[in-house]
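One structure is given below, encoded as structure tokens.
The values are calculated or read from the model by the stated rules, or taken from the named source; none is laboratory data. Since the model is a prediction, treat every value here as computed from it, not as a measurement. Virtual Cβ from ideal backbone geometry, glycine too; neighbours counted across all protein chains shown.
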Amino acid sequence: MGLFELSAAELLRRAADRQVLVPAFNVAHLPMVEPIIATVAELKTYALVEVARPDVEKFGARSFAAVAEEYQRLADRGVTRLHLDHVPVIDEDGQEVDWRRLVGEALELGYDSVMIDGSRLPLEANIAATRAVAEMAHPLGRPVEAELGAVLGHEAGPLPPYEELFASGKGFTDPTQARRFVEESGCDWLSVAVGNIHGAISAAGRDQAKVQARLNLEHLRLLRAATGVPMVLHGGSGIQAEYLRAATSEGIAKINVGTEIRQAYERTLAETDDVARAQAAVADSMRSLIVETYRMEGSAERLAE
Ligand code: 13P
């Protein structure tokens, strides 16, 4: 019994089928790898350890190689896999990114799954970039996450007021496009926009408290019917618990959590100048998310059966 021999693709399929929510915790600072792995092992919760390009470029994750090395040193593969989060084709500052090189590097380093984010591109170009990544990853048996729709928040500059955004559905993933996108791109998991927004990463916004986002569950139902693949919620910090639990019954299998644990780490480090205490703050904030918000303590056992 155990999850050791299962691929990340199989694990997320099982999670979607069994309505298990898999948290994916962003490593914004390298010392966060240790409490992330220790806490999910302690709570027997299946989770992904993930790092995104912004974690390397704007925070203290250092490099994909450094995170992979730390993960491989500490990994408990009974409860975790290593995921490459957001490699954008066009980044939050409007810059073109050498995404083929970054994805190729991560695959070589042993990342179990990878994300390509072409969501700032027109549909056709997003499909083409995602297809190219699927052609790199699938022969190695690694699944690919892609994004369609606008999960706002990473860009510098003010967002429209949240309630206005939510009510208008502006940027929500379009179900007709999503059906075509999944069929033609070959993606395994789809990140969708249904009211979720990312925590800020700009210098001006990164310390601010995040809005308590809601989710349009009706819209999510349409996307589930259209796509048939496990769906992913980005911008997991601060989403209200009742929406998360409902979303888990509507096809959301993975939730990305960055801001909440990053701010716990940074705040404690600033107050105490003690990395061990900052790591403990990460573990505390994860315990409360896993046990109270997601109610996913013991989920690794549910997936192993
Ligand atoms: P938050 O920082 O809002 O938790 O979002 C994390 C995320 O989606 C990383 O891809």
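In this structure, Ala213 does not satisfy being away from the ligand (no atom under 12 Å from the Cβ) and either surrounded by 18 or more Cβ atoms within 10 Å (Cβ to Cβ) or at pLDDT 95 or above (or both). Among the residues of the stretch 160-201, those that are of a type in the set (Gly, Ala, Ser), at pLDDT below 95 and within 17 Å of the chain's Cα centre (by Cα) comprise Gly199, Ala200.
One line per residue, one yes/no per condition, for (1) surrounded by fewer than 15 Cβ atoms within 10 Å (Cβ to Cβ); (2) touching a residue at least 60 places away in the same chain (Cβ under 8 Å):
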position: Ala75; (1), (2): no, no
position: Val87; (1), (2): no, no
position: Asp93; (1), (2): yes, yes
position: Arg100; (1), (2): no, no
position: Pro122; (1), (2): yes, no
position: Asn126; (1), (2): no, no
position: Ala129; (1), (2): no, no
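Quick check, is Leu152 part of a loop (DSSP other than H, G, I, E, B) and in contact with a strand residue (DSSP E or B) (Cβ under 8 Å, 6 or more places away or on another chain)? Walk me through how you get there before you give the answer.
On the way: part of a loop (DSSP other than H, G, I, E, B): yes; in contact with a strand residue (DSSP E or B) (Cβ under 8 Å, 6 or more places away or on another chain): no.
Against the criterion (part of a loop (DSSP other than H, G, I, E, B) and in contact with a strand residue (DSSP E or B) (Cβ under 8 Å, 6 or more places away or on another chain)), Leu152 does not qualify.
Applying the selection to the stretch 77-107, what residues are assigned to a helix (DSSP H, G or I) and of a type outside the set (Val, Ile, Thr)? I'd like the intermediate steps shown before the answer.
Initially, the stretch 77-107 is screened for residues assigned to a helix (DSSP H, G or I), giving 99-107.
If the condition is that a residue be assigned to a helix (DSSP H, G or I) and of a type outside the set (Val, Ile, Thr), then Trp99, Arg100, Arg101, Leu102, Gly104, Glu105, Ala106, Leu107 are the ones that fit.
Residue-level check: of (1) touching a Lys or Arg at 6+ places or on another chain (Cβ under 6 Å); (2) modelled with pLDDT under 95, Glu92 misses just (1).
Quick one: which of Ala241, Ala226, Ala270 is within 16 Å of the ligand (Cβ to nearest atom) and either surrounded by fewer than 21 Cβ atoms within 10 Å (Cβ to Cβ) or within 20 Å of Ser119 (Cβ to Cβ) (or both)?
Numbers: Ala226 fails: within 16 Å of the ligand (Cβ to nearest atom); Ala270 fails: within 16 Å of the ligand (Cβ to nearest atom).
Answer to the selection: Ala241.
Within the bounds of the stretch 276-283, is there any residue that is part of a helix (DSSP H, G or I), of a type outside the set (Gly, Ala, Ser), over 30 Å from Leu6 (Cα atoms) and more than 16 Å from the ligand (Cβ to nearest atom)? Lay out the reasoning, then the answer.
Of the stretch 276-283, the ones part of a helix (DSSP H, G or I) are 276-283.
If we keep only those that are of a type outside the set (Gly, Ala, Ser) as well, we get 277, 279, 282.
Imposing the further condition that a residue be over 30 Å from Leu6 (Cα atoms) reduces the set to 277.
From the residues that got through so far, the ones that are more than 16 Å from the ligand (Cβ to nearest atom) too are 277.
Yes, the stretch 276-283 contains at least one residue that is part of a helix (DSSP H, G or I), of a type outside the set (Gly, Ala, Ser), over 30 Å from Leu6 (Cα atoms) and more than 16 Å from the ligand (Cβ to nearest atom).
Suppose the filter is buried (at least 21 other Cβ atoms within 10 Å of the Cβ), among the hydrophobic types (A, V, I, L, M, F, W, C) and more than 15 Å from the ligand (Cβ to nearest atom); does Phe166 pass it? Break it down into steps so the answer makes sense when it comes.
Details: buried (at least 21 other Cβ atoms within 10 Å of the Cβ): no; among the hydrophobic types (A, V, I, L, M, F, W, C): yes; more than 15 Å from the ligand (Cβ to nearest atom): yes.
No, not satisfied.
Look at the stretch 172-198: where a residue is closer than 12 Å to Val232 by Cβ and a partner is surrounded by 24 or more Cβ atoms within 10 Å (Cβ to Cβ) and among the polar types (S, T, N, Q), sitting 6+ places away or on another chain with Cβ atoms under 6 Å, you get Cys187/Thr130; Val192/Thr173; Ala193/Thr173.
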